[in-house]
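Notes follow the structure.
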Amino acid sequence: MQTKKIELLAPAKNFETAVAAIKCGADAIYIGAPSFSARQAASNSIEEIESVIKYANQYYVKIYAALNTILTDQELYEAQIIIENLAKIGIDGLIIQDMGLLEVDLPDIPIIASTQMNNSTPKKVKFLEEIGISRAILARELSLEQIKEIKSAAKEIELECFVHGALCVSMSGQCYMSYAAGGRSGNRGECAQPCRKLYTLKDKQGNIIAKNKYLLSLKDLNLSEYLNNLLDAGITSFKIEGRLKTPAYVANIVGYYRQKLDILLAQRQLEASSSGKVELGFSPDPARTFSRGFTDYGIDGSQGNMASIHTPKATGEYIGKVSAIGADTFEIDSTIPLTSGDGICFLDSRNILQGTTINKVCGNIIQPQSMEYIIIGCNIYRNFDHKFNKQLAKLPSERAIPIIMRVFDDIGGIAVDAIDQDGNHVTVELLGEFEPAKNKDKGIETITRQLSKLGNTVFSCDEVKIDLNEVYFFPVSLLNNLRREITEALLEKRLLAKPKKHCQFIKDSKAKYPEAKLSYMGNVLNKNSENFYRRHGVDEFEPAAETGINMNGKKVMTTKYCLRYELGICPKQGKTNNADDLILESRERDTYNVKFECSKCGMEIFYESVESLT
């Protein structure tokens, strides 16, 4: 029985970030296609993606291209050309949202259903499996029990799950707030992030419940304590969010999850899906790079503390509390050392985030650039760790593929075998007559030392076996040439033998889509998409929001996050008996009606245009 392979999947906005992720242990990378990526600011040229693929192939790291926006009829041809070019350079998977792409002639690339498809029910994921989609990226909102139900219904399709990074407050692929308020569609890769803006919450009578707070801004996801549970639930790909993040951030988070996963894989006798041993030259810590604070997002079914309502910005690592104030210094009650160059932040007396830079440190006495707003009792966070980021910038990590070499007698001379951890095997012969070594022990030492010097390759040598009837003297230059020849041959063999998965999509599948009618939330923007759904039993359509339909009164978000619960006014908490709708207003006068789904512990948010209120 073949051992199940487990994948740690990392984001990359460019080649530099991809290299950082791979060196720190990523088994796969997802990267934006040249166009039509859900992160428009993280697109890459075909040439840059090809460079990433060439680097990744050495380690059997897979590269997935994200082409996961919904498309107009006019854009489908351009998207098809991009996909064909991605196939030519050897992409390992294509992440899509628009079903219209399944109506064109696609090359042999496994199809991955983006989380933007709202892969949230057993019936939906089972349908994807039946039409030959290789993998479903699950909606972030799911609990462990819901994931288990999906796995029970769809046993063969690969399941990918977000485990770390920024969270959208709306259910995946079902957010229309940015489009309704300003014409920039999240489903088109243009989200203006209205969830990170200030809002005031009122009741129907106009009474203010919360004023000028970031009421829809969630903390960052961190499921590092649930990896075992997710393995039990059937997850095989653990995904880190962050295609706009820095190489330092990606290196830190990948390194952290690599260490966590490796322990679990060893316990379960499972294997990582790529090759190479990683040696981190730093101690990864998610709190020491960008974070808004962390939430498990109710993965265990609870509601929990999910939001960061005072700021949408990174607060980072909690350091301690201010215990005393001087003329231009403060004393902090903390065991975590700060250093000059660190950035710190804190909430002032109005709960507004303030920040400054540290100029000088003497024990727990801190001299910041500015003392404004710092008072006794103030909680200090470090949102920029100068020393840690400087260390990460040097990327003090190595990744090498272990090999075993054997030197043995051969007809007409000697030969050297090399075999890597994936079973790739090459032999190089060295013909001629050789002089016996005068000092056999020193001869063996020289052979072993020179063949083991693999620092300028992707390999590391676990062992050199000497199986010679006679130990010969070999010049160092000859051994160096032999080492170079065998590592080049082994790398060539590895690249030719890289495992490849094929497209499983079944174009003539008769599988029925779980719904017979699709509203604008079905995101059908082109004729191909409509044709796809018709073939699979959908007979009634509403145009996608992006066709220009009037969004007044339309639902623009469905969330598992609940404002009442977050603010401590949930009827279930016994704080109020009032479960009426509430009103959410932005500073730009965009107004939303908030309905509470108390049976599900969530909300539905409806857009009310300014014109409709005047």
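The values are calculated or read from the model by the stated rules, or taken from the named source; none is laboratory data. In this text, all values refer to a predicted model and were calculated from it rather than measured experimentally. We place every Cβ from the backbone using ideal geometry, glycine too, and count neighbours over all the protein chains shown. Accessible surface is based on the protein model in full, side chains and every heavy atom, while ligands, DNA and RNA are left aside. Shrake-Rupley method; radii C 1.70, N 1.55, O 1.52, S 1.80 Å.
Candidates are the residues of region 385-418 that are among the β-branched types (Val, Ile, Thr) and open to solvent by less than 70 Å² (accessible area, probe 1.4 Å); the one that is nearest to residue 356 (Cα to Cα) is 401.
The number of residues in region 180-192 being touching a residue at least 40 places away in the same chain (Cβ under 8 Å) and open to solvent by 30 Å² or more (accessible area, probe 1.4 Å) comes to 3. State whether the residues of region 174-197 include one that is closer than 20 Å to residue 245 by Cα and in a strand (DSSP E or B). Scanning region 174-197 turns up no residue that is closer than 20 Å to residue 245 by Cα and in a strand (DSSP E or B). Residue count for region 8-37 under the criterion of being closer than 28 Å to residue 266 by Cα, open to solvent by less than 10 Å² (accessible area, probe 1.4 Å) and not in a helix (DSSP H, G or I): the result is 11. Against the criterion of being open to solvent by less than 30 Å² (accessible area, probe 1.4 Å), touching a strand residue (DSSP E or B) at 6+ places or on another chain (Cβ under 8 Å) and assigned to a loop (DSSP other than H, G, I, E, B), residue 356 does not qualify.
The residue that is least open to solvent (accessible area, probe 1.4 Å), counting only those in region 87-112 that are in a helix (DSSP H, G or I) and out of contact with any helix residue (DSSP H, G or I) (no Cβ under 7 Å at 6 or more places or on another chain), is 87. Any residue in region 194-207 that is on the phi > 0 side of the Ramachandran plot, under 23 Å from the mean Cα position of the chain (by Cα) and either open to solvent by less than 10 Å² (accessible area, probe 1.4 Å) or at pLDDT below 95 (or both)? No, there is no match, as no residue in region 194-207 is on the phi > 0 side of the Ramachandran plot, under 23 Å from the mean Cα position of the chain (by Cα) and either open to solvent by less than 10 Å² (accessible area, probe 1.4 Å) or at pLDDT below 95 (or both). Restricting attention to region 211-244 and to residues that are among the polar types (S, T, N, Q) and not in a helix (DSSP H, G or I), the residue that is surrounded by the fewest Cβ atoms within 10 Å (Cβ to Cβ) turns out to be 212. Within region 513-521, is even one residue more than 25 Å from residue 113 (Cα to Cα), without any contact (Cβ under 8 Å) to a residue 40 or more places away in the chain and touching a helix residue (DSSP H, G or I) at 6+ places or on another chain (Cβ under 7 Å)? Looking for residues that are more than 25 Å from residue 113 (Cα to Cα), without any contact (Cβ under 8 Å) to a residue 40 or more places away in the chain and touching a helix residue (DSSP H, G or I) at 6+ places or on another chain (Cβ under 7 Å), one finds none in region 513-521, hence no.
Applying the selection to region 416-450, what residues are among the charged types (D, E, K, R) and in a helix (DSSP H, G or I)?
Once the filter is applied, which keeps residues that are among the charged types (D, E, K, R) and in a helix (DSSP H, G or I), region 416-450 yields 440, 441, 442, 445, 449.
Residue-wise test of (1) assigned to a loop (DSSP other than H, G, I, E, B); (2) within 33 Å of the chain's Cα centre (by Cα); (3) without any contact (Cβ under 8 Å) to a residue 40 or more places away in the chain.
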site: 463; (1), (2), (3): no, no, no
site: 483; (1), (2), (3): no, no, yes
site: 499; (1), (2), (3): yes, yes, no
site: 504; (1), (2), (3): yes, yes, no
site: 507; (1), (2), (3): yes, yes, no
site: 565; (1), (2), (3): no, yes, no
site: 569; (1), (2), (3): yes, no, no
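Residue-by-condition table, conditions (1) open to solvent by 30 Å² or more (accessible area, probe 1.4 Å); (2) assigned to a loop (DSSP other than H, G, I, E, B):
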site: 267; (1), (2): yes, no
site: 275; (1), (2): no, yes
site: 300; (1), (2): yes, yes
site: 315; (1), (2): no, yes
site: 336; (1), (2): yes, yes
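Taking each residue of region 386-405 that is assigned to a loop (DSSP other than H, G, I, E, B) and looking for partners that are surrounded by fewer than 15 Cβ atoms within 10 Å (Cβ to Cβ) with beta-carbon atoms closer than 8 Å, six or more apart or interchain, yields 396/281.
Filtered by the rule that a residue be assigned to a loop (DSSP other than H, G, I, E, B) and at pLDDT 85 or above, region 581-600 gives 581, 587, 588, 589, 590. For residue 41, work out the one condition from (1) farther than 22 Å from residue 173 by Cβ; (2) part of a helix (DSSP H, G or I) it doesn't fulfil. Checking residue 41 against (1) farther than 22 Å from residue 173 by Cβ; (2) part of a helix (DSSP H, G or I), the one that fails is (1). Number of residues in region 542-563 that are open to solvent by less than 30 Å² (accessible area, probe 1.4 Å), of a type outside the set (A, V, I, L, M, F, W, C) and in a strand (DSSP E or B) equals 2. Scan region 509-522 for residues that are part of a helix (DSSP H, G or I) and of a type in the set (Ser, Thr, Tyr) and jot them down. Passing the criteria: only 520. Screening residue 377 with (1) of a type outside the set (S, T, N, Q); (2) outside any loop (DSSP other than H, G, I, E, B); (3) within 26 Å of residue 312 (Cα to Cα) gives one miss only, at (2).
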